[in-house]
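Only one structure is covered here, and it is reproduced in the block below.
The values are calculated or read from the model by the stated rules, or taken from the named source; none is laboratory data. All values derive from a computational prediction rather than experimental measurement. We place every Cβ from the backbone using ideal geometry, glycine too, and count neighbours over all the protein chains shown. Ligands, DNA and RNA are stripped out before the accessible areas are found, and what is left, the full protein with its side chains, is counted by its heavy atoms. Shrake-Rupley method; radii C 1.70, N 1.55, O 1.52, S 1.80 Å.
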Amino acid sequence: MAGRRSAPRNTGALSTARLSAGQWVACVATALAIIASLGGYGWYQGLIGNITTAQVDTDEWDRPTSVEGVMNILIIGSDVRSGENAEYGEVEGERPDTMLIASINVDNGAATLVNLPRDLMVDLPGCEATEGYEGMQAQQGMINSAMTFGGVGCQWQAVEQVTGVHLDHFLMMDFVGFKDMVDAIGGVEMCIPEPVDDPKAHLVLDAGLQTLDGEDSLGFVRSRYSQGDGSDLSRIDRQQEFMGAMLREVLSSDVMTSPVTITRFLGAVTDSITTDEELTVDTMADIAISMREVDLDRVQFVTVPNGAHPADENRIIMSDAAPALFEAINNGEDLGGDGDGDAKDDDQAEDVTVEPGDVSVEIANNTGIDGLALEIQAVLVQEGFVVTGVGNPEARVPELTTVYHGPGDEAAAKLLADSLTNAQTEEAEGLEQTLELVAGSDWEGFGGSSSGSDLSITDDLGGVTAEKQESAC
């Protein structure tokens, strides 16, 4: 169900910070879930004090509207390699290697993580020069290039403008911290379908099921050209697989019942991340509490829908399905498909099989607006519903717009009600295989949430969940 709209919030954020590659991305979803499980460990407050914070002035641009009950976090990593990270090569400047939006529905305990490939070409906004950055004019470029010219503030603005998603916070992490997190939980079990030898990623692996330590895990999620088809999209698929595996490991009983392991893990997390100043301990705890009982199939990973760039085979562009995904996220809609972990009752499960052509409906006008029933009929017929009659209400005269249904027709009633801007459903005696729509004084026409809510990460967009998947091993 969509969240409730609220006024835009000033979320504050950063301009300088320690960055990482997107390989650590798994840790973010993991860390949020982990903190939730620390109700019995009051000492975690001290660990949180290790987090580095920085600022971004989000008042500098027009922002999408936020939704109450939904928390969207920009997770970014870069190729900047200094300090302890210098052993992974020399790269000038800051260029996000991986970015994603983690959309957390704190009302229903679900999370959707949307990867934004670095090869994605978009229209970037102009950014003013700031300390350490030269700024840039509005231009078309790779989505990760905004960071290079304008820092994280420019990158934040670019992602909001490109996606239309209101970002509440950001979070970044470095290479060494990622390794430490993996080692803190004793490694992550992964299926390696074929031997890997990737000098650029410092990675040599045999084929088969094995537990990767921190160094090998970092190499696995960084590796590109020696696995799959060598594309960034293929690497993102492996990163998403690793995220799910790491989350399962962190939430396992062996980890969660060990204060020592949790302490090591959280120490690695808090030593390695940078956040905006508004992402406080209390905010993290609120998110985490909502995720405490989350089912793994309610944590979904998806790459923004994309296709080949018409002028450059090495670049990609967003496909027609991308706007619907971002709109659904910014509306706080539930994007679970047939495979999601919602506790659906039989009535809810049915609505994925009911089509408008299966639904017969009689229309009654209780608004006092002459001819409205015929207008409603025309729209419903165009949408594929079967209209068996129109007129004025007789047996039922509700004040509010209501779809009445007989026993067993709840799914059909919901489908019809969802196509309206505002309508309630109610079971009524005497109705058999036919619905009765009574337009009340609150009638506001069509344009309900059904089209948006029909989008499924797993069924429509090729996404996966954090549940363990079948593998070659």
In segment 182-195, residues that are farther than 14 Å from Glu241 by Cβ and of a type in the set (A, V, I, L, M, F, W, C) total 3
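Would you be able to tell me the number of residues in segment 207-236 that are farther than 23 Å from Leu100 by Cα, touching a strand residue (DSSP E or B) at 6+ places or on another chain (Cβ under 7 Å) and either surrounded by fewer than 20 Cβ atoms within 10 Å (Cβ to Cβ) or among the charged types (D, E, K, R) (or both)? Steps first, answer last, please.
Looking only at segment 207-236, we keep the residues that are farther than 23 Å from Leu100 by Cα, and these are 207-213, 226.
With touching a strand residue (DSSP E or B) at 6+ places or on another chain (Cβ under 7 Å) added as a condition, the list becomes 207-212, 226.
After this cut, where a residue has to be either surrounded by fewer than 20 Cβ atoms within 10 Å (Cβ to Cβ) or among the charged types (D, E, K, R) (or both) as well, the list is 207-211, 226.
The qualifying residues number 6.
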For segment 141-164, how many residues meet the condition of being farther than 21 Å from Val114 by Cβ and open to solvent by 20 Å² or more (accessible area, probe 1.4 Å)?
2
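So which helices (runs of 4 or more DSSP H) stay within segment 163-279 end to end and still have 1 or more residues that are of a type in the set (Val, Ile, Thr) and free of Cβ contacts under 8 Å to residues at least 40 places away in the same chain? Lay out the reasoning, then the answer.
On the way: elements: 175-184, 214-222, 232-250, 253-256, 259-272.
The qualifying helices (runs of 4 or more DSSP H) are 259-272.
When you check Thr130 against the structure, is it of a type in the set (Ser, Thr, Tyr) and farther than 30 Å from Thr261 by Cβ, yes or no? It would help to see each step written out before you state the result.
Details: of a type in the set (Ser, Thr, Tyr): yes; farther than 30 Å from Thr261 by Cβ: yes.
When the stated conditions are applied, Thr130 passes them.
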Can you spot a residue in segment 403-423 that is in a strand (DSSP E or B), open to solvent by 50 Å² or more (accessible area, probe 1.4 Å) and more than 21 Å from Gly447 (Cα to Cα)?
no
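Rundown of residues vs (1) among the small types (Gly, Ala, Ser); (2) open to solvent by less than 40 Å² (accessible area, probe 1.4 Å); (3) touching a strand residue (DSSP E or B) at 6+ places or on another chain (Cβ under 7 Å), yes/no style:
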position: Asp370; (1), (2), (3): no, no, no
position: Glu375; (1), (2), (3): no, no, no
position: Gln382; (1), (2), (3): no, no, no
position: Thr401; (1), (2), (3): no, yes, yes
position: Thr434; (1), (2), (3): no, yes, yes
position: Leu455; (1), (2), (3): no, yes, no
position: Glu467; (1), (2), (3): no, no, no
As an exercise: evaluate Ala343 against (1) more than 21 Å from Pro64 (Cβ to Cβ); (2) modelled with pLDDT of 90 or more; (3) open to solvent by 30 Å² or more (accessible area, probe 1.4 Å) and give the number of the one condition it does not meet.
(2)
Return the residue satisfying two criteria in turn: it lies in segment 237-271 and is out of contact with any helix residue (DSSP H, G or I) (no Cβ under 9 Å at 6 or more places or on another chain) and closer than 19 Å to Gln300 by Cα, and of such residues it is least open to solvent (accessible area, probe 1.4 Å).
Ser252
